[in-house]
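First up is the structure itself, then whatever we jot down about it.
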Amino acid sequence: MLTCKFSVLLKFKLKYKLNISRRLAAPAGSFRAAGALLLTALLIAAALLLCIFVPYVILLIHLAGTYTEREYFSLLLTFANAAVFILSLLSAYSLFSSGREREFLIPLPIKKRYIFASEYVTYYFGAVMSSLLFTVPGAAVYAAGMAEKGAPVLILKAVLGCIIFPALPSAAAFVMISVVFAASARFRHRETAAVILGAAVLICAVLLRVNIGSFNADGGPAVRISESLSRILFNSYFMLRAIMIRSLRAWLYMLYFTLSSAAVCAAVYFYGGAVYDRILGKMKSAVSAREKTDKDYRQRSPARAFCIKEFKTVLRSPAFALNCCIGVILAPVLAVTASRSGLASDIPGIIMCLVIMSANMTASTSISREGRSFGMCVYMPVRSADHIKGRAAAAFVFNALSGALFIFPYEILIKLNFLYIIYEFLTVIAASLTFACFGLLIDLKKPKLIWDRETEAVKQNFNAVLGMIVSIMISLVIVIPFFVGMAGHVSKTFMYLCSFAEAAAAAAVGVMLLRNKACSREGNSIDGNS
Amino acid sequence: MLELVSVTKRYDIRSVPAVFDLNLKVDSGEIFGFIGPNGAGKTTTIKMMTGLLEPTEGNIMICGNDIRREPLKCKSAFGYVPDSPEIYERLTGIEYLNFIADVFGVGSSDRKQRIEKYAEMFEMTGVLGSQVRSYSKGMKQKLAIVGSLIHSPSLWILDEPMMGLDPMASHALKEEMREQSGNGCTVFFSTHVLEVAEKLCDRVGIIQNGMLAAVGTVDELKSKASAGESSLEDIFIGIMHGEGNAYV
């Protein structure tokens, strides 16, 4: 009976997380809509393949040819551990910062620990996905180059290992975030404290990840650290042996691996649930705190009022702040670490900067973040142009801030000519406007207005992914002159000016499209999307 | 002030209309109560009046302007309190009110005076510094009411405004409706509380299955009613039992 309840709950959670039912229901009865959905999915898959997967596989091929089998897999597992840990930090943060659906689950006749268990399973499911994404291509690349016949077994062991592998990094991320939230609960402004401490933990994790060695490092220390880590962390230890040993003993390691991971999962399940409930209870009580009334009655223009509202909404919500401003949080850290890593000689700063800026989803979730409150924009006497202008301005500021926070420290540290820094900054400004306009255009098309948890509006929002991909595509176009410059003899000034001209042209197109869209939406009702 | 001309709303082209051929005229300074059972079409009608939904057929005129042709002029004229206020939860009460005032272009001194007046009236002064998400349902409702009055509207539209309000706030709201009406503002509200409609409204309209079944002052409706129907509740129940034709 109880197991049945748990499976119902789990099914609901997974469905809710993956949003399968709604995605499938959307095109029902319309072949055109289904075709459009399929085409969009294919385009996104192609873009992901081009922007992320292909460079990753090229890097893996290079590493497989450079290092010994042991070194290669040590590096791969270190990278997977760090990636799963960082992504799990974000998932755990979402888990703690949203607890609204528990309000209707707790009064139901379901054991409290089942509620946590179902949440933990969905959390673990996300970690397995990221583990598979980072590790299996590595094993496949290595297996493809193997002379012996063990390739399919190697892939099988890698896939099986990936299901168990995230137990340790995901548990570590869970513990770390529970510490962050437990500490935040002691502050008066608990949610603000959670945003700041969460960002600090994320920054530390990225710094750690960069410092323990990256694929770009030239062998030596990176490999040594990876090898040491693979001896310390039990998941790397067992998986490395399970993959490398070609005899039956490998399966014994796989068994140890499974048992030790199950022990970690059990510990998180039994102790994590109690901690989770207690912390959420403390965070909830923060809401009732009364604050002093701010007596500011200054009149502002509607566009400015919307812009200020956007800032306040994004910065006050942990879920919005961490997902929308991830570029702002990470830009200075990445600038300092990238300037030290020796990347400077290979990749111009502007390329890295544009990629970081693309991660901001302020514009592409601007309307979605309103949720059911969006109705207010319809019945209030505000011109579409005004509220769109306010939203675009806020997104522009976040984008430009992340760009500036990367470009200035990075280029100053690598001692780039000041004139080039100015050119790059101008390009950042133009690109910020472009990303803001195109992001808003995407979200205006079909915003996700029905959500219960704030994380759904950003993390489980298709527009956010689409916005990111479109921004990366635009970035690739903007940096074409640099690729041309790397290949041939083109003046550096010409490269920078061309890049700026492209960004400015893209911004002009974005502004024009957004203006047309604003005009066409004037006085629109919300039939169909409410 | 407010005129609905042959308004029909179908959510689906083949479906039964949610509102059908609705004709209604409400004059300046009038308090009009819109009554009907659940699913009769009250909220749909109000949503069409506020521009949230588009009528399938017909026109809605507010202060002589068509809501579809001149949406901004119409929206500047009315204040609206939705049935379940979805207010920006991450803003504080005062930030929300300032935001609304900015959108309506209300000057600093006017907004200050109105915010202070209505916050005191609805006992909100002490909580305006807190974020909206910490408010109870009733407090959110009161905030939406204050927000709808901040620009001194000439038409005040309220959808089930008494829901979630405590008796004090409910009383304050009724008093404010009377005061607004006395100042020439038209008040249009939907309600399930028939006693309130009977005591407060200059005229009432009863909607059933998307059609206006009765309209007039309570006395007019009583005079048309069959013997024994002495209250608005009796009339309402009579209409629900199929005696609607007698009132149109």
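The values are calculated or read from the model by the stated rules, or taken from the named source; none is laboratory data. These numbers were taken from a predicted model, which means no experiment stands behind them. Note that we place each Cβ from the backbone using ideal geometry, even for glycine, and neighbour counts take in every protein chain shown. Heavy atoms of the whole protein, side chains included, go into the accessibility calculation; ligands, DNA and RNA do not. Shrake-Rupley method; radii C 1.70, N 1.55, O 1.52, S 1.80 Å.
Mean per-residue shielding of peptide B:99-111 is 5, counting Cβ atoms of other chains within 10 Å of each Cβ. Our coupling estimate for the range A:431-439, obtained by passing each phi through the Karplus curve with A = 6.51, B = -1.76, C = 1.60 and θ = phi - 60°, is 5, 4, 5, 4, 4, 4, 5, 5, x Hz, Gly and Pro reported as x. The figure for A:Thr493 is an accessible area of roughly 50 square angstrom, using a 1.4 Å probe on the protein chains alone. Summarising the amide proton neighbourhood of B:Ile207: residues at separation of 5 or more, or on other chains, whose placed amide H is nearer than 5 Å comprise B:Ile35, B:Gly36, B:Ala213.
Peptides A:505-518, A:152-165 ranked from most to least packed give A:152-165, A:505-518, packing being the mean of other C-beta atoms within 10 angstrom over each peptide's residues. The mean sequence separation of alpha-carbon pairs under 8 Å and at least six residues apart, normalised by the residue count of the range B:2-247, gives a relative contact order of 26 percent. Residues A:Trp251, A:Trp451, B:Trp156, sorted by accessible area with the largest first, give A:Trp251, A:Trp451, B:Trp156 [1.4 Å probe; ligands and nucleic acids excluded]. When the charge dipole of the range B:2-247 is built from unit charges on Cβ atoms (+1 for Lys and Arg, -1 for Asp and Glu) and taken about the Cα centre, the candidate among B:Ile94, B:Gly210, B:Leu22 whose Cα reaches farthest toward its positive end is B:Ile94. Principal axis analysis of the Cα atoms in the range B:52-187 yields extents of 44, 29, 28 Å, listed in decreasing size. Just so you know, the averaged projected area of the alpha carbon convex hull for the range B:2-247 sits at 13.4 nm². Near the amide H of B:Leu158, within less than 5 Å, lie the amide hydrogens of B:Val81, B:Phe188, B:Phe189, B:Ser190, all on another chain or at least 5 residues away, with H placed in the peptide plane. Sorted on the mean count of surrounding Cβ atoms within 10 Å across their residues, most packed first, peptides A:240-247, A:431-438, A:392-399 read A:431-438, A:392-399, A:240-247. Remark: spin-label model distance B:Lys222-A:Met473 equals 6.9 nm, labels positioned 7 Å along the Cα→Cβ axis. Taking Cβ atoms as reference points and 9 Å as the exclusive limit, the residues near A:Thr313 contribute a net charge of +2, counting Lys and Arg as +1 and Asp and Glu as -1.
Per-residue 3J(HN,Hα) values for the range A:489-504, derived from phi via the Karplus relation 6.51 cos²θ - 1.76 cosθ + 1.60 with θ = phi - 60°, read 9, 10, 4, 4, 4, 4, 4, 5, 5, 4, 4, 5, 4, 5, 5, 5 Hz in sequence order (x marks Gly and Pro).
Fully extending the segment from A:Leu426 to A:Ala487, taken as 0.36 nm per residue of separation minus the present Cα-Cα distance, adds 19.5 nm. Beyond a 25 Å Cα-Cα separation, which of these cross-linked pairs lie in this structure: A:Lys11/B:Lys140; B:Lys9/B:Lys140; B:Lys117/B:Lys142; A:Lys112/A:Lys157; A:Lys448/A:Lys517? Distance filter (> 25 Å) returns A:Lys11/B:Lys140; B:Lys9/B:Lys140; A:Lys112/A:Lys157.
Applying the Karplus relation 6.51 cos²θ - 1.76 cosθ + 1.60 with θ = phi - 60° to the range B:102-107 yields 3J(HN,Hα) values of 4, 5, 8, x, 7, x Hz, where x marks Gly and Pro.
Estimated from the Cβ-Cβ distance and a Förster radius of 56 angstrom, the FRET efficiency linking A:Leu59 and B:Lys73 is about 0.40. Cα centroid separation, the range A:348-404 to the range B:167-230: 44 Å.
For peptide B:65-75, the mean count of partner chain Cβ atoms within 10 Å of a residue's Cβ comes to 3. In terms of packing, defined here as the mean over residues of other Cβ atoms within 10 angstrom, the peptides A:476-482, A:63-69 line up highest first as A:476-482, A:63-69. Near A:Cys353: Cβ cut-off under 13 Å, other residues only, Lys/Arg at +1 and Asp/Glu at -1. The net charge is -2.
The orientation-averaged projected area of the convex hull spanned by the Cα atoms of the range A:300-523 comes to 12.2 nm². Solvent-accessible surface of chain B, averaged per residue with a 1.4 angstrom probe and all protein chains in place: 39 square angstrom. For the segment B:44-57, counting C-beta atoms of other chains within 10 Å of every residue's C-beta and taking the mean gives 3. The slack in the chain from A:Val511 to A:Gln299, taken as 0.36 nm per residue of separation less the alpha-carbon distance, amounts to 73.6 nm. Under 5 Å from the amide H of B:Thr8 lie the amide H atoms of B:Asp21, B:Leu22, B:Thr56, B:Glu57, B:Gly58, each residue being 5 or more positions distant or on a separate chain, with H modelled from the backbone and absent for Pro and chain starts.
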